[in-house]
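Participant: Shown below is the structure under consideration.
All of the numbers you see were taken from the coordinates with simple rules; none came from a lab. Note that this is a predicted model, so its numbers are computed, not measured. For neighbour counting, all protein chains shown are included, and Cβ atoms are generated from backbone atoms with ideal geometry for every residue, glycine included.
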Number of protein chains: 2
Amino acid sequence: MSQPRVFLVDDHELIRSGIRSELAGAVDIVGEADEVEAAVEMILERNPDVVLLDVHMPAGGGVAVLRALNGRCPEVRVLALSVSDAAEDVIAVIRAGARGYVTKNISGPDLLDAIYRVAAGDAVFSPRLAGFVLDAFSLEGAQLEAADVDPDLDLLTPRERQVLRLIARGYSYRDVATELVISPKTVESHVSSVLRKLQLSNRHQLSNWASERHLL
Amino acid sequence: MSQPRVFLVDDHELIRSGIRSELAGAVDIVGEADEVEAAVEMILERNPDVVLLDVHMPAGGGVAVLRALNGRCPEVRVLALSVSDAAEDVIAVIRAGARGYVTKNISGPDLLDAIYRVAAGDAVFSPRLAGFVLDAFSLEGAQLEAADVDPDLDLLTPRERQVLRLIARGYSYRDVATELVISPKTVESHVSSVLRKLQLSNRHQLSNWASERHLL
DNA sequence: AGTGCTCTAGGGGAAAACCCCGAGCCGACG
DNA sequence: CGTCGGCTCGGGGTTTTCCCCTAGAGCACT
């Protein structure tokens, strides 16, 4: 690739001007916009390689642009640019489809490097941010691990766990009994133990308890 | 930082040798291991800046090493190295705490670059992989968006949605009635409508339906 | 030999959930 | 103005859940 074709979105003229001068000659700036609607239209029209997108803007901010772009131009990579390094902002914009996130205190050469890397399909984050993103990413998984050593779950006997699983899926006592080839009364007995041990009062709470721990 | 201190984990001597020669002089290789247990011990002992970790190994592979390391040395960054670019492998190792993932067909200079970037706290992925990772990351959020326009959910009246939410949380009819200041019979009536419209047969399925759509 | 836990199972009963019926009130829409 | 849909209730019924109790068989540990 010769020079990446870059589109600038930021509601502050001063910032855009600063970026232009920092990147002058090293990239091909194919357009600019200072608000959400115009940005979306022009991006769809000019199809740049990389969009430099400010996160905080009136009318929904960068996330609004990403939503509007949706999947309509997957070959356009978006590099989010922000003064904030708050975890929520980062997560939100990544969820919306950005391929990178850098803060505005980045140096000119580093920004240039980031643009080239995003253009190449790489994921780019400021060092401090990489931590946030990957930590958040591994969170859901972490809950699962925790469940394995869940002290409450250890209280249950194998049979009780087996019954719990079926009950949580919405099986009636009779269904569970048929499935496990035992009497409905026995199922009842197991459920009773489970509820007592987990300090729950009915099977609906049980369902939620199980689904929170991804036991289904 | 002068030269990053790098630790090599791979069960193939040949690979380690190749990496050593590629990186010779550019990084400080402070140790090697060819299996999980030894790797964990030596990493904890030598505290390198970066661990180059093979994903596929006997006795649990790279994921096992990451789990064992757990949070015991957060300042050690792990760069996963693998022949595979299968999404599951990538996701698993990221969830376990790796800060980067590159495939073994990477060039020497690129690997060197990746190591420096990981050492600096950056997140590094092969271009093709960045897509996988970020896509997977935005998945859970995407489900939420989809729910807003869920055709089934549109069938329900506002009151029905309100009742649905409470029921799904495990409230009894009486509780819901108290909460909404209506008769239990009315709640029953709404639940009946909801079940009919969503083609479900009982409140347990309803709970699951709601929790799948993150409506709690 | 006794103790304790698990799995099994039943009786009996209160409460909740679910279903089918009808019915009144109100606002929107043609 | 009539009709339709949403919201509000009730009666009366079956099924399911949940709790109380008892109790035997098997197994492990002391």
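Participant: Using mean Cβ contacts within 10 Å as the protection proxy, how do B:191-201, B:42-52 order, highest first? Provide the component values of the computation, followed by the final result.
Facilitator: Numbers: B:191-201: 15.4, B:42-52: 19.8.
With the highest mean Cβ count within 10 Å placed first, the list reads B:42-52, B:191-201.
Participant: Taking the number of other C-beta atoms within 10 Å as the exposure measure, put B:Asp113, B:Asp10 in order starting with the fewest.
Facilitator: Going from sparsest to densest Cβ surroundings: B:Asp113, B:Asp10.
Participant: Mind listing the long-range amide H neighbours of B:Ile29? Cut-off is under 5 Å, sequence gap 5 or more, other chains count too, H placed in the peptide plane at 1.01 Å from N.
Facilitator: When sequence neighbours closer than 5 places are left aside, the close amide H contacts are B:Val6.
Participant: For A:89-97, what's the mean count of beta carbons from other chains sitting within 10 Å of each residue's beta carbon?
Facilitator: 3
Participant: Cross-link candidates for A:Lys185: which lysines have Cα within less than 27 Å, leaving aside residues fewer than 8 places away along the same chain?
Facilitator: Answer for A:Lys185, where 27 Å is the Cα cut-off: A:Lys197, listed by chain and number.
Participant: A further question on this structure: Could you run the Karplus curve 6.51 cos²θ - 1.76 cosθ + 1.60 with θ = phi - 60° over segment A:176-192 and give me ³J(HN,Hα) per residue in whole Hz, x for Gly and Pro?
Facilitator: 4, 4, 4, 4, 9, 6, 9, 7, x, 5, 5, 4, 3, 4, 5, 4, 4
Participant: List the residues whose amide H sits under 5 Å from the amide H of A:Val51, counting only those 5 or more places along or on another chain, with H placed 1.01 Å from N in the peptide plane.
Facilitator: Counting only residues 5 or more places away or on other chains, the set is A:Phe7, A:Arg77, A:Val78, A:Leu79.
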